[in-house]
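Report on the structure given below.
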Amino acid sequence: MVKRVPLYVVALLSVALFMTAGCATQNVVKKDEGLVPAPVAKRADQTMPKITPPQQAITAPTTQIVPAAAAQPAQDASSASQLQAALEKIYFDFDSSDLSDSARGTLTKNVVALKKESSAKIRIEGNCDESGSAEYNLALGERRAKSAQQYLIALGVRPDRLSTVSYGKEKPAVQGNDEAAGTKNRRDEFVVVTP
């Protein structure tokens with residue numbers, strides 16, 4: 001004879017299963033998530049062994065030679081920060097992912113900067129104003145980022161250098177829900193992710 005399992009046991013097991021399983025395919029962007037820190041160059045005295053010569057043998061000042069490999073991360077960080085400063089944001093009309101003439105002009109300027117740093121990879125971050133639901137704005141931000149990505153590819157930027165992410169309304173540039181704030185928040189930003 002088969003025993004019947006009480007309903008509360010089934011419910012308890014179901015809740016436990018849902019709590020432990022989670023949602024495996026959804027990527028969540030945290031509000032305070034920052035950029036990957038740039039590599040830090042080691043000081044010359046950390047990369048070269050320090051040799052102390054006999055006191056009486058050396059009277060002239062010495063210079064320490066830094067190998068080119070130790071100087072390279074500092075140069076990469078410098079060129080990445082220069083590229084980051086050169087990349088300009090683009091802005092969108094309300095509830096639109098269409099590129100305006102102004103946005104196309106800005107993207108053309110960004111391509112010039114990107115071609116100077118041909119190894120740099122860029123993350124295009126789509127953002128929205130506070131109007132609409134979080135889900136709607138995530139989708140709209142993604143469409144905005146993809147519009148910019150497609151235009152950059154059409155201008156000759158290799159697709160493997162570009163990635164996109166949507167923050168929806170989670171990362172406003174300006175706080176507020178008036179039109180002035182909305183105009184600044186409906187944007188794509190371009191972030192250097194690797195030198």
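In this structure, is L138 among the aliphatic types (A, V, I, L, M), in contact with a Gly (Cβ under 7 Å, 6 or more places away or on another chain) and modelled with pLDDT of 95 or more? Show your work before the answer.
Details: among the aliphatic types (A, V, I, L, M): yes; in contact with a Gly (Cβ under 7 Å, 6 or more places away or on another chain): yes; modelled with pLDDT of 95 or more: yes.
Considered against the rule, which asks whether it is among the aliphatic types (A, V, I, L, M), in contact with a Gly (Cβ under 7 Å, 6 or more places away or on another chain) and modelled with pLDDT of 95 or more, L138 comes out as yes.
Answer yes or no: is there a residue in segment 69-86 that is part of a loop (DSSP other than H, G, I, E, B) and modelled with pLDDT of 50 or more. Walk me through how you get there before you give the answer.
Let us first name the residues in segment 69-86 that are part of a loop (DSSP other than H, G, I, E, B), namely none.
No, because not a single residue in segment 69-86 is part of a loop (DSSP other than H, G, I, E, B) and modelled with pLDDT of 50 or more.
Residues that are among the acidic types (D, E) and open to solvent by less than 50 Å² (accessible area, probe 1.4 Å): which strands (runs of 3 or more DSSP E) entirely in segment 87-195 hold 1 or more of them?
It comes to 121-127, 187-194.
The listed residues are K89, K109, K50, and the only one of them that is at pLDDT 95 or above and farther than 30 Å from Y136 by Cβ turns out to be K109.
Scanning for something under 27 Å from S81 (Cβ atoms), at pLDDT 95 or above and among the charged types (D, E, K, R), does segment 93-101 turn up at least one residue? No, segment 93-101 has no match at all.
The values are calculated or read from the model by the stated rules, or taken from the named source; none is laboratory data. Predicted model, so just to flag it, every value in this text is computed and none were measured. Cβ coordinates were reconstructed from backbone atoms using ideal geometry, including for glycine residues, and neighbour counts include every protein chain displayed. The accessibility values were calculated without ligands, DNA or RNA, using every heavy atom of the protein model including side chains. Shrake-Rupley method; radii C 1.70, N 1.55, O 1.52, S 1.80 Å.
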